[in-house]
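Below is one structure, written out as structure tokens; the observations come after it.
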Amino acid sequence: EQVLIYESGPAKIRYEPSPLVTCNLALALARLDAVILEESTRTLGKPVVRIKQLGTYACREMANYPGWVSEHSYANAIDLETFVLKDGSEVSVLKFFDKSAEGPKKKQGRFLLDVARRAYDEDVFSTVLTPFFDALHRNHFHVDLSRYRSDGTREVTP
């Protein structure tokens, strides 16, 4: 019922397109923006100024869990695909996320992994899904504020 269009938070990172989100998700995005700015400056030497996102509000079930309603149905989730730096270079999840057991070899991969883990470990979001989670998330991070916690930021071991 209560949603808004998130344009940017205190870190001035813009989202493309501007997402429709709940008030609580907007507050979480503002917290995430601070993490992203800190990590991009530390790891990449440049700030992120834009994030390309794949969607927020979409009334649907979870792809892997038939009968379970996705947090996207409540505008309480967002899928983050690409982080654009001040110099125009892009860090996409598809191209740079590194699932190797030894850890990321490239600084862009380190940036992505650090952002995802901090988003979960620092309780910015209750759910953070990355390519570690499943093939459906090979090109984006899914973050949401569900009532349960789900850590998809680490390699799953059998």
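The values are calculated or read from the model by the stated rules, or taken from the named source; none is laboratory data. What you see is a predicted model, and the numbers here were worked out from it, not measured in a lab. Here the Cβ is made from the backbone with ideal geometry for all residues, glycine too, and neighbour counts use every protein chain on show. We work out accessible area using only protein heavy atoms, side chains counted, and drop any ligands, DNA or RNA first. Shrake-Rupley method; radii C 1.70, N 1.55, O 1.52, S 1.80 Å.
See the values below:
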item	result
Computed over region 49-158: relative contact order in percent, which uses C-alpha pairs under 8 Å that are six or more apart	23
Computed helical MRE - 222 nm, the chain, DSSP H runs ≥ 4 contributing -39500 (n - 2.57), nearest 500	-7000 deg cm²/dmol
Heavy atoms of Tyr15 accessible to a 1.4 Å probe, total area in Å² rounded to 10	10
Environment charge at Leu54 (Cβ cut-off 11 Å; Lys +1, Arg +1, Asp -1, Glu -1)	-2
Charged-residue dipole, Cβ positions (Lys, Arg, Asp, Glu), region 56-158 about Cα centre, Debye nearest 20	260
Mean accessible surface per residue for region 12-158, computed with a 1.4 Å probe while every protein chain stays in place, in Å²	50
Heavy-atom accessible surface of region 55-158: percent carbon and sulfur, 1.4 Å	52
Inter-part distance where region 131-158 and region 80-129 are each reduced to a Cα centre, Å	12
Among Thr22, Thr43, Thr56: highest mean-square fluctuation, GNM of the chain, C-alpha pairs under 10 Å	Thr43
Choice from Glu102, Glu81, Glu16 with maximal GNM fluctuation in the chain (Cα, 10 Å cutoff)	Glu102
Backbone HN-Hα couplings from phi across region 138-143 [Karplus 6.51/-1.76/1.60, Hz, Gly and Pro as x]	5, 10, 7, 9, 9, 10
Mean separation of Cα contacts under 8 Å (6+ apart) over length of region 1-112, as relative contact order %	22
q = 0.25 Å⁻¹, region 19-58: log10 I(q)/I(0) [Debye, one scatterer per Cα]	-0.88
Karplus 3J(HN,Hα) series, Hz, for region 93-108 with 6.51 cos²θ - 1.76 cosθ + 1.60 (x for Gly, Pro)	4, 4, 7, 10, 5, 10, 8, 5, 5, 6, x, x, 8, 9, 5, 5
Convex hull volume per residue for region 11-158, taking Cα atoms only, in Å³	106
Region 76-129: relative contact order as a whole-number percent, Cα under 8 Å and 6+ apart	18
From phi via Karplus (6.51, -1.76, 1.60), per-residue ³J(HN,Hα) for region 76-90 in Hz, x at Gly/Pro	10, 8, 8, 10, 9, 9, 9, 10, 9, 7, 4, 7, x, 5, 10
Protein-only accessible surface order, largest first, of Cys59, Cys23 at 1.4 Å	Cys59, Cys23
Accessible area of Ser92 in the full protein assembly, 1.4 Å probe (Å², nearest 10)	30
Residue of Ala11, Ala28, Ala63 that the Gaussian network model of the chain assigns the largest fluctuation, springs spanning Cα pairs under 10 Å	Ala63
